[in-house]
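Here is the structure we will look at, set down as structure tokens.
The values are calculated or read from the model by the stated rules, or taken from the named source; none is laboratory data. These figures come from a predicted structure and were not determined experimentally. Note that each Cβ is placed from the backbone with ideal geometry, even for glycine, and that neighbours are counted across all protein chains shown.
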């Protein structure tokens, strides 16, 4: 774990690792030149499993993680962020999976997103099989970085974290690991992923998007043997296009990627079905947003050939998201109003106590 000025959530993150049911580990914490109370917070922990490093100056997450990797001695390395919470059985479940699947180089898990106060926002489930994960890797990061457990030897073999991919270092690493080992996710939720305004993903969103698009561009070039314009790679991830020509080019890329991917990968029947359905969904999204463009009709037809039920599934998924988001907003509003009432009640109690003391005096 690398931490930079992360005192607010650090104690909870550290405790969640120390309280794991799997106990045979060393906990390497790199303090990346923090100037807040991070050092004091870490001083409070006396667990002998903790190994601390401190950078005199802030050198960044990628270089700090590489320093930690050089110090690591275990067969497996588990990632953790200083603002997240690992559930108690996380390491036990992931180590058991890696022991049982020597062909897998990295395994993640499902996550539950929480806000700064710890309230649940949503649950995120990523694909579990190598084929669907590798397919989704063309478009986003299907293994959440703080959920990852990977084989140290394999990550060292592919060169560790590349500092040039700022805030997209995980996606670039999974791309390189996939060339020598398989990728996997557990279906179970083993991590609470905190979403807040001070997070790296929030503060450096634009840099993250552009470097992630560089990963997309490299992966497309490796599979198709051609260079796709960088802006098309950026837009393909965000589904935002300035012109119909760009949208048509993106749809052509997705269709070509699917054809080449299923031809090259040795996919099981369930994996092939999952990839086909996702490709259909992506083509449908592109075609629907530009439905007045005649050139998109071929891609809409291609989406329906891949999965005739994809329009109904897309509408059902959209309706479900709407209901879930509305319910989440109501729940958060009720929780926050309840918290405010409790705070007012406590402050009122203190005022009453103060008045009583004054009268007694």
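Here are some conditions: (1) closer than 28 Å to residue 179 by Cβ; (2) part of a loop (DSSP other than H, G, I, E, B); (3) modelled with pLDDT under 85. Residue 237 meets all but one. Which one does it not meet?
It fails just one condition, (2).
Tell me, yes or no, whether the range 44-57 has at least one residue that is closer than 25 Å to residue 190 by Cβ and buried (at least 20 other Cβ atoms within 10 Å of the Cβ).
No - not one qualifying residue is present in the range 44-57.
To keep it simple, each residue is scored yes or no on (1) part of a helix (DSSP H, G or I); (2) more than 21 Å from the chain's Cα centre (by Cα); (3) assigned by TED's automatic domain parsing to the domain that holds residue 62.
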position	(1), (2), (3)
197	no, no, yes
210	yes, no, no
222	yes, yes, no
233	yes, no, no
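Working only within the range 7-65, note down all residues that are touching a residue at least 60 places away in the same chain (Cβ under 8 Å) and touching a helix residue (DSSP H, G or I) at 6+ places or on another chain (Cβ under 6 Å).
10, 20, 21, 22, 62
May I ask you to verify whether residue 303 is in the same structural domain as residue 252 (by TED's automatic domain parsing), over 24 Å from the mean Cα position of the chain (by Cα), closer than 21 Å to residue 132 by Cβ and modelled with pLDDT of 95 or more? Before the answer, list the steps.
Numbers: in the same structural domain as residue 252 (by TED's automatic domain parsing): yes; over 24 Å from the mean Cα position of the chain (by Cα): yes; closer than 21 Å to residue 132 by Cβ: yes; modelled with pLDDT of 95 or more: no.
Spelling it out, it is not the case that residue 303 is in the same structural domain as residue 252 (by TED's automatic domain parsing), over 24 Å from the mean Cα position of the chain (by Cα), closer than 21 Å to residue 132 by Cβ and modelled with pLDDT of 95 or more.
Assuming residue 137 fulfils every condition listed in (1) over 21 Å from residue 92 (Cα atoms); (2) touching a residue at least 60 places away in the same chain (Cβ under 8 Å); (3) surrounded by fewer than 18 Cβ atoms within 10 Å (Cβ to Cβ) apart from one, which condition is it?
Unmet for residue 137, out of (1) over 21 Å from residue 92 (Cα atoms); (2) touching a residue at least 60 places away in the same chain (Cβ under 8 Å); (3) surrounded by fewer than 18 Cβ atoms within 10 Å (Cβ to Cβ): (3).
For the range 1-114, which fully contained helices (runs of 4 or more DSSP H) count at least 1 residues that are not assigned by TED's automatic domain parsing to the domain that holds residue 193? Can you show your working first?
Details: elements: 7-18, 38-43, 61-71, 90-100.
Those helices (runs of 4 or more DSSP H) do not exist here; none qualify.
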